[in-house]
Amino acid sequence: MSASSIGSSPNRVGGIGRVSGLQEYVADVRLAGVLEAKLVTLDCARAKIISIDTSEAEQVPGVRLVMTAADLPQPMPRFGPQLEDRPVIAVDETKYHGEPVAIVAADTKDAAEEGARLVHVEYEELPAVFTLAAALDPDAPLVQDPSLRPKDPLASTNVLREHHVDWGDIEAAHADVVVENTYSFPIVTHFAIEPHAFIAAPDDNGIAVWSSIQHPYWLQRILAKLLDLPLSKVRVLAPDPGGAFGGKQHAKYEPLVAFAAIRAGRPVRLVLSLEQTFQAVRRAATEIRVRTGFTIDGKLAFQDIKADYLIGAYCDIADRVVGKGSYPGAGPYNVPAVRIFARSILSHTTPSTAFRGFGNPQVNWAVESNIDEGARVLGIDRLEIRLRNLARKGDPFIPFDTPADGDWEQTLRRAAEMIEWGKPLAPGHGRGIALGIKSGPTTGLSYSTVRLLADGSVAIYAGTSDMGQGARTIFAQIAAEELGAPLDAIRVVMGDTAIVPYDQQTSASRSTVLMGNSVLKACSSIQAQIRTMAARLHGIDESAITVERGVVRLPGRELRLMEVLKPGLGKLGGELIGNGETRKDGDADHPLGGAAAFFELNCTAVEAEVDEGTGDISIVRHVTVSDVGTAINRLQVQMQDEGAAIMGLGHTLMEHFIYDETGRIRNLGAIDYRIPTTMDLPLEMRSETIENADGPGPYGAKGMSEGALLCVAAATAAAVREATGVAIRDLPLTPERVWRALRERGGRANAGTNDDGES
Amino acid sequence: MSGVIKTLPIEITVNGRRRTLEVAVHHTLLDVLREDLELTGTKECCLVGECGACTVMVDGRIVDSCLMLAVEADGAEILTVEGLARDGHLNPLQQAFLDKGAVQCGFCTPGQLMAAQALLVENPHPNVAEVQEGLAGNLCRCGCYYQIFEAVLSVAEAGSR
Ligand code: FES
Ligand code: FES
């Protein structure tokens, strides 16, 4: 019997391919006769397309197809995960910088590029809106055609939707101190190192589409509808994404490439440049006004939160981001009265989409920072004020949702300990601590199939996308544990809708819990079959036999699963097949359509040093503690946690899109858009977990891949505040911004004490 | 660049194998590795020399292959990620990347490995700061930086024993 791998750190399944250059990403797929495609775009955001002349492009040797809106069905097919508002290709008007107006496919990239350059588009730039203020101006041009939203009273504005979450009575709530501030969070982009890539090929009277997508089955549905094909004739192949972070959840240019392949009668591949990828996915910028009421003893009396999210020209999943991201805005605290009002506001910019944290980091940044402000006014330590308000396990902290599902105080106290909260600080240093919470999946459906092969090795079929989080490894560990197979004798098959059973999606840190439970059930079904076999082989009643974690227990003795399987299968051999299903139904009356399967809870604590001369922030120590229930793979948990933390430092310290007056991103590309490198890291990063096996997943696991990003900004800004005395409420905290704030402040701040308890 | 694409013959040694090729003069070494030689382990991301995904070794030195024209590589000896393993065995750096958890999505990994390999050739016993600096041109959005440092340092240490 092999030792249990649960809670240890076996090497990544699929790791060898990744270190040897053999892992095949979409751009690496070899296909005979594939055409390479390039997009034609305009040099402004919003334009009326007057005419498109493709004749010269068509003359380029090697060009096989030039396709514009005129070559597609009329009216233009539209799609989207929430609203069917995105056209397959721009028709009549472009609505954001980078929106394609034509696609050219050719034998070589060179020819496609040359063809794309020679597509002549006559267009007229139109007035457009790129900021919240401009979009909300009563005279603003409408981003969306009101006919797309019939009967919606908001259709004549740029407000796509409003979301309300309320409990208690704010007006009646008694507060001794009210703190009100406005915070802003910039537009940032995912910057997965793998740019988005798509291939489509005519296949078996239908279509095969390769995409580095997180939700292959959702894409399959969308393509089936657009192309009027049965699901079985749409095969989505989803090679492991080279990083996704939410940006690869939903269809972008797959439908366009599919139409191109059908028209060309050949496979067509489109690999976006990094610049085009930036123009394809981003996080919503947000302006958050928070009014927080406290009683004199530091108890939260109310939270009044108004959050405006600047989404893009098409909805994508952005409005769900707004609703779900603002929903736990009051944090993991017991707050008697809460009013959250969030709006999705359309603009002529790249459609914003899911991005690790899913709308939560924005509101968290504001609300956690405001709690610090309250603590200062009240003269209460910033850790203490959180402890006084924190929900304890079982508290219905969001009245209509899953009660607090962890010992969150343990998380908070551990992070405080690790950052040495309260200890004297060196001059120019400060500390910050913040809590982040995110609602896990509200619905879910994950099927899986597990095959126990004749020699005891195992094949798992699970439709999750392994985009780096390590889902393959987790599923393999579960099967290894339950079926007693060595890890290196397990194959995990993913990424092909023609072979692997349905999975709803890979998002909301769900896969360990939902697909993990599904795999667990499939394994249980195999265990039940083994039990029947054992009863037959040994002539005893099934009720006297148990099968658990790879071991078959008969009265008076134990057998390895293999010792039953081999004789049980007999001469013909064969295999045992188990199916699993995890279903989490929604609840139509719930504000989010379903209660949280679990909460992701993280505490981040930071010690920072600020260079008063340059405004440069260096993170001396970064502590992240996540309540993960059970870490099935310890190292992977740490990697996801640290990765999320470093990504959080990106939007906190350096990342933001800068737009010009025509809506073009000025810092488009890797030279001008900076993400954390090896030189931007905290001097020390410490990641720990709280594990009480109290999650709904296998062995008590909870999802955890986003938590450590949620409150990085608030913790860091709080450290800067303590180090310098300046409160900055706009992200990112660039040296210039910090330096300017220091100039305004004048004098010098922290000369080596700390300000906990300062009033 | 309408009309006929100009080509030139080059001779390069890639992962120990001599190759004679006719390459387009405007194609980068990255293009030729990925397309002409079908060595897709070397990755393409920013194409402006900022991300390091396309890192290879040219005559023992680290190069962003997206910034080098293939014709400039004429006569050179090139090592890509596919050339690290020998006889089906991972090299120590590859193994350390796996053991230390320096790989998540894996898209930056080939570039990280090549940069680390070059670093260790130049400086067999780097300290953390030197590793940090040596890999500063290799972005990892999954954020495995600390694990990558650990992997590189563990190989350096093992080498010194
Ligand atoms: S692709 Fe060459 S450095 Fe980014
Ligand atoms: S492992 Fe994903 S970018 Fe480095």
Problem - Of all residues making up segment A:18-44, the number that are among the hydroxyl-bearing types (Ser, Thr, Tyr) and in a loop (DSSP other than H, G, I, E, B) - result: 2
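Please find, within segment B:122-161, the residue that is farthest from B:Ile62 (Cα to Cα) out of those that are of a type in the set (S, T, N, Q) and within 16 Å of ligand 2 (Cβ to nearest atom). Give the derivation first.
The first filter runs over segment B:122-161 and keeps only residues of a type in the set (S, T, N, Q), leaving B:123, B:127, B:132, B:138, B:147, B:154, B:160.
Cutting the leftovers down to within 16 Å of ligand 2 (Cβ to nearest atom) gives us B:132, B:138, B:147.
On the way: B:Gln132: 15, B:Asn138: 11, B:Gln147: 21 Å.
So, considering only residues that are of a type in the set (S, T, N, Q) and within 16 Å of ligand 2 (Cβ to nearest atom), the one farthest from B:Ile62 (Cα to Cα) is B:Gln147.
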Handout entry: Members of segment B:41-71 found to be more than 14 Å from ligand 2 (Cβ to nearest atom) and either touching a Cys at 6+ places or on another chain (Cβ under 6 Å) or β-branched (Val, Ile, Thr) (or both), listed by number
Key = B:Thr42, B:Leu47, B:Val48, B:Val56, B:Val58, B:Ile62, B:Val63, B:Asp64, B:Ser65, B:Cys66, B:Val71
Fill in the blank from the handout: Checked segment A:46-87 for anything part of a strand (DSSP E or B) and small (Gly, Ala, Ser); matches are A:Ala47, A:Ser51
Exercise for the section: Give the number of residues within segment B:41-61 that are surrounded by fewer than 23 Cβ atoms within 10 Å (Cβ to Cβ) and either within 12 Å of the chain's Cα centre (by Cα) or more than 7 Å from ligand 1 (Cβ to nearest atom) (or both). Expected result: 5
Practice task
Could you check A:Val129 against (1) in contact with a helix residue (DSSP H, G or I) (Cβ under 9 Å, 6 or more places away or on another chain); (2) open to solvent by 30 Å² or more (accessible area, probe 1.4 Å); (3) not basic (Lys, Arg) and say which number it fails?
Solution key: (2)
Practice task
Check off (1) assigned to a loop (DSSP other than H, G, I, E, B); (2) within 16 Å of ligand 2 (Cβ to nearest atom); (3) out of contact with any Ser or Thr (no Cβ under 7 Å at 6 or more places or on another chain) for B:Leu93 and give me the number that stays unchecked.
Solution key: (1)
Practice task
Report whether or not B:Gln117 is within 16 Å of ligand 1 (Cβ to nearest atom) and over 30 Å from B:Thr7 (Cα atoms).
Solution key: no
Practice task
Consider B:Gly88 carefully, then state whether it is within 10 Å of chain A (Cβ to nearest Cβ) and modelled with pLDDT under 95.
Solution key: yes
Completion exercise
Checking A:Asp627, A:Asp611 in turn, the sole residue that is modelled with pLDDT of 95 or more, surrounded by 23 or more Cβ atoms within 10 Å (Cβ to Cβ), within 29 Å of A:Ala723 (Cβ to Cβ) and away from chain B (no Cβ under 14 Å) turns out to be A:Asp627
Handout entry: Single residue of segment B:103-161 satisfying the filter (among the β-branched types (Val, Ile, Thr) and within 17 Å of the chain's Cα centre (by Cα)) that is surrounded by the fewest Cβ atoms within 10 Å (Cβ to Cβ)
Key = B:Val121
Exercise for the section: Go through (1) under 21 Å from the mean Cα position of the chain (by Cα); (2) open to solvent by less than 40 Å² (accessible area, probe 1.4 Å); (3) away from chain B (no Cβ under 13 Å) and name the single condition A:Pro696 misses. Expected result: (2)
Practice task
Check whether at least one residue in segment B:63-85 is at pLDDT below 95 and either within 25 Å of A:Asp107 (Cβ to Cβ) or of a type in the set (Asp, Glu) (or both), and report yes or no.
Solution key: no
Practice task
Taking the residues in segment B:76-90 that are out of contact with any Gly (no Cβ under 8 Å at 6 or more places or on another chain), open to solvent by 50 Å² or more (accessible area, probe 1.4 Å) and part of a strand (DSSP E or B) as candidates, determine which candidate is nearest to B:Thr28 (Cα to Cα).
Solution key: B:Arg86
Fill in the blank from the handout: Note on segment A:189-205: residues surrounded by fewer than 24 Cβ atoms within 10 Å (Cβ to Cβ) and not charged (D, E, K, R) are A:Pro202, A:Asn205
Practice task
Could you grab me the full set of residues in segment A:160-202 that are of a type in the set (A, V, I, L, M, F, W, C), closer than 30 Å to A:Asp496 by Cβ and away from ligand 1 (no atom under 16 Å from the Cβ)?
Solution key: A:Phe198, A:Ile199, A:Ala200, A:Ala201
Practice task
Could you check how many residues of segment B:2-40 are under 17 Å from A:Ser273 (Cβ atoms), within 11 Å of chain A (Cβ to nearest Cβ) and either within 11 Å of the chain's Cα centre (by Cα) or open to solvent by 60 Å² or more (accessible area, probe 1.4 Å) (or both)?
Solution key: 2
Problem - Condition met for A:Pro328 (part of a loop (DSSP other than H, G, I, E, B), within 21 Å of A:Phe599 (Cβ to Cβ), touching a residue at least 40 places away in the same chain (Cβ under 8 Å) and in contact with a helix residue (DSSP H, G or I) (Cβ under 8 Å, 6 or more places away or on another chain)) - result: yes
Exercise for the section: May I ask you to list the residues in segment A:189-205 that are in contact with a helix residue (DSSP H, G or I) (Cβ under 7 Å, 6 or more places away or on another chain), more than 16 Å from A:Val29 (Cβ to Cβ) and within 16 Å of ligand 2 (Cβ to nearest atom)? Expected result: A:Thr189
Exercise for the section: Among what's in segment B:66-85 and is among the β-branched types (Val, Ile, Thr) and over 22 Å from B:Arg141 (Cβ atoms), pick the residue that is nearest to the other protein chains (Cβ to nearest Cβ). Expected result: B:Ile78
Practice task
Could you list, in sequence order, all residues of segment B:93-114 that are within 16 Å of ligand 1 (Cβ to nearest atom), at the interface with another protein chain (Cβ under 9 Å from one of its Cβ atoms) and not polar (S, T, N, Q)?
Solution key: B:Cys105, B:Gly106, B:Phe107, B:Cys108, B:Pro110, B:Gly111, B:Leu113
Practice task
Could you please find all residues in segment A:457-514 being within 14 Å of chain B (Cβ to nearest Cβ), open to solvent by less than 10 Å² (accessible area, probe 1.4 Å), part of a helix (DSSP H, G or I) and of a type in the set (Val, Ile, Thr)?
Solution key: A:Thr473
Handout entry: strands (runs of 3 or more DSSP E) fully within segment A:230-324 counting 3 or more residues that are more than 14 Å from chain B (Cβ to nearest Cβ) and in contact (Cβ under 8 Å) with a residue 60 or more places away in the chain
Key = A:234-237, A:285-294, A:300-310
Exercise for the section: Find the residue count for segment A:538-553, including only residues that are among the aliphatic types (A, V, I, L, M), free of Cβ contacts under 8 Å to residues at least 40 places away in the same chain and surrounded by fewer than 17 Cβ atoms within 10 Å (Cβ to Cβ). Expected result: 2
Practice task
Kindly list the number of the only condition in (1) surrounded by fewer than 18 Cβ atoms within 10 Å (Cβ to Cβ); (2) farther than 27 Å from A:Ser347 by Cα that fails for A:Thr662.
Solution key: (2)
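The values are calculated or read from the model by the stated rules, or taken from the named source; none is laboratory data. A quick note: this is a predicted structure, and the numbers were derived from the prediction, not measured. Here Cβ is always computed from backbone atoms with ideal geometry, including for glycine, and neighbour counts include all displayed protein chains. Keep in mind that these areas ignore ligands, DNA and RNA; they rest on the heavy atoms of the full protein, side chains included. Shrake-Rupley method; radii C 1.70, N 1.55, O 1.52, S 1.80 Å.
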